[in-house]
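Single-structure report; data block below.
A short reminder: the numbers here are calculations on the coordinates, not readings from a lab. Note that the structure is a prediction, hence the values are computed from the model and not measured. Backbone-built Cβ (ideal geometry, glycine too); neighbour counts: all protein chains shown.
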Amino acid sequence: MRSSTLLPFLALLPPISCSDGLVVKTTVGTLHGFINASSPLVRQFLGVPYAEPPLGALRFAPPRSLAAPDARTTVAIHATSFAPSCMQQGSNSSTIYTAQVPQFLISDGTTSEDCLYLNVWAPAAGATIAARAPVPVFVYIPGGGFTSGGANSIAKFPDRWIQRTQGHIVVVINYRVNVFGFPNAKGLEDLNPGLLDQRKALEWVRDNIASFGGDPSRITLWGQSAGGASVGSYGYAYPSDPIVTSLIYDSGSAELLVSSDASQSNFTFLAGRVGCGGLAAAPELDCMRNVSAVTIENALSSYAISGARPSLGFTPFPDNKTAFSNTTDRAVRGLLAKIPAILGSNTNEGAGFVTYTPEGPGAETLLALTQSIIACPVARDVRNRNLIGLPTYRYQYAGNFSNLSPAPWMGAYHSAELPLLFGTHDQVFNGPSSALEYNVSYTMQALWLAFASNPEAGPASRSADTGYFAWPEYRQGNGSDMLLLASGETVQQLVSGERIDADCEF
């Protein structure tokens with residue numbers, strides 16, 4: 001397990017004491033957090049382990065809980081720096097993220113197989129945590145196509161949001177990706193350990209978040225892109241014991257968790273490239289557990305970068321335990337967590353899935369990609385929830401702000417809403433934010449927080465643009481009840497979902 005160290009600037013801060021809320025006892029040990037100057041009303045606990053390092057025999061295996069609580073309560077963890085990101089699959093493709101908005105990528109290139117850590121941002125404690133009412137909690141699953149990604153991304157640091165509201169906690173997790181998280185190997189019983197990592201992290205939050213001032217009865221599972229797809233699939237995987245009280249999936253759908261590797265040949269092909277070829281399932285797996293993680297990562301990345309065909313991908317496989325081949329059937333049989341959800345997509349998702357050029361592709365290409373990759377799968381998830389009457393709030397984000405979308409054709413691309421939700425739009429991107437941008441940001445934050453605070457009541461907000469607004473539940477084909485955000489100069493308005501659904505197959 002990694003050992004966190006204090007950041008140099010901590011020497012300038014007041015001494016840590018229990019009354020600061022910076023020393024927190026948890027089931028993995030006593031955490032020593034910190035406060036930095038840019039967000040002086042936010043406690044940060046970074047690099048907190050939630051499972052045993054997935055090394056050796058635990059590679060490709062479900063996450064294992066850390067040692068028993070009574071054996072760890074005296075362990076001191078200086079939770080003051082991010083843990084390494086999980087092993088990443090490299091690519092040489094040029095995208096809007098590499099060319100224009102690298103703020104969405106991992107901020108530090110350090111990776112490790114020892115990566116099952118989470119990060120907690122919480123309001124300042126005041127006199128004592130006990131003196132405050134427990135606050136709602138977001139547990140955020142980052143995206144990255146299930147091949148890359150992690151918590152250490154400056155576009156998605158939530159401290160400024162919490163600094164402003166003092167009304168919630170955000171937990172952002174790492175989970176295993178690519179072959180380490182989704183090996184789909186013939187010798188395995190559990191084919192998607194990366195999805196099981198997410199559940200293990202939620203169990204840690206359930207057991208510990210009250211010590212940070214959080215309310216374990218108000219946990220919202222939230223994710224975007226692959227993280228959103230994970231949230232969608234999670235609802236089907238844990239229909240009777242979801243731990244959480246609500247779901248938010250931005251630009252992601254449970255439908256996206258469908259690998260085409262039904263023959264389970266990708267793992268064997270990769271094994272052959274690292275000296276484990278020609279073996280039966282069990283010895284192949286044993287051999288792969290003894291190859292260095294860097295060797296496996298390099299072999300996978302070099303093959304992807306070479307452009308060789310067929311492509312070699314490791315994403316969630318529909319094992320019908322954690323990912324599902326037919327979510328509609330599962331929904332109508334009642335095998336879906338019966339909790340409220342927010343679902344939505346952006347108007348120009350396709351911009352995130354094309355090779356970058358300054359002039360960009362044509363509008364027809366972008367719309368076709370937007371619909372096929374994200375918008376229609378999300379619409380089908382909405383339909384599944386409507387089939388069994390689950391409270392569902394649907395949105396479409398249309399913002400085109402020059403500091404976030406420096407090339408005009410980028411528009412409301414895949415991920416473009418996240419800086420407004422996390423509050424980083426005016427901090428780490430390409431120039432100052434407009435008054436409209438701030439208003440959209442505050443409105444979206446208010447809606448998401450109102451939802452997490454009382455999911456059964458539904459989200460509501462107050463905006464300088466529209467005054468009080470209560471977001472209605474969405475019913476497909478039921479008129480104007482989808483929330484359109486940041487279209488033109490309008491912060492929020494209700495429109496028909498047919499603007500998306502008319503081009504989708506159901």
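As a calculated quantity, the FRET efficiency between SER263 and VAL75 at R0 = 51 Å, using C-beta atoms, amounts to about 0.70. Considering only alpha-carbon pairs that sit under 8 angstrom and 6 or more positions apart, the relative contact order computed for the chain is 14 percent.
A simple rule links phi to the HN-Hα coupling: the Karplus curve 6.51 cos²θ - 1.76 cosθ + 1.60 with θ = phi - 60°, which for region 164-176 gives 6, 9, 6, x, 6, 10, 10, 10, 10, 10, 9, 8, 5 Hz, with x for Gly and Pro. Most tightly packed first, judged by the mean number of other beta-carbon atoms within 10 Å of their residues, the peptides 434-446, 410-422 read 410-422, 434-446.
Once the Cα-Cα distance is subtracted from the 0.36 nm per residue extended length, the ASN36 to ARG273 segment shows a gain of 80.7 nm.
So what is Rg over Rh here for the chain, counting just Cα atoms and using Kirkwood for Rh?
Here Rg/Rh amounts to 0.95.
Of LEU46, LEU404, the sequence from fewest to most neighbouring Cβ atoms within 10 angstrom is LEU46, LEU404.
Packing around the peptides 25-34, 107-116, 138-147, taken as the average count of other Cβ atoms within 10 Å per residue, puts them in this order, highest first: 138-147, 25-34, 107-116. In plain terms, the chain from ARG289 to ALA57 could stretch by 82.9 nm, reckoned as 0.36 nm per residue minus the Cα-Cα distance.
Give, as a single signed number, the net charge of other residues whose beta carbon lies under 14 Å from the beta carbon of ILE305, with Lys and Arg counted +1 and Asp and Glu -1. Combined, the nearby Lys, Arg, Asp and Glu give +1. Model label points for THR365 and SER311, set 7 angstrom from Cα along the Cα-to-Cβ axis, are 1.6 nm apart. Sorted on the mean count of surrounding Cβ atoms within 10 Å across their residues, most packed first, peptides 295-307, 194-206 read 194-206, 295-307.
With Cα atoms defining each centre, region 431-506 and region 188-215 are spaced 30 Å apart in the structure.
Full extension of the chain segment joining GLN427 with SER325 gains 32.6 nm, where the gain is 0.36 nm per residue of separation less the Cα-Cα distance. The calculated FRET efficiency for SER91 paired with SER496, based on their beta-carbon distance and R0 = 51 Å, is about 0.85.
Here the label points at PHE506 and SER434, each 7 Å from Cα along the C-beta direction, are separated by 3.4 nm in the simple model. With the simple model of a label 7 Å out from the Cα in the direction of the Cβ, GLU456 to ARG64 spans 4.1 nm.
Charged side chains reduced to their Cβ positions (Lys and Arg at +1, Asp and Glu at -1) give the chain a dipole of some 820 debye around its Cα centre.
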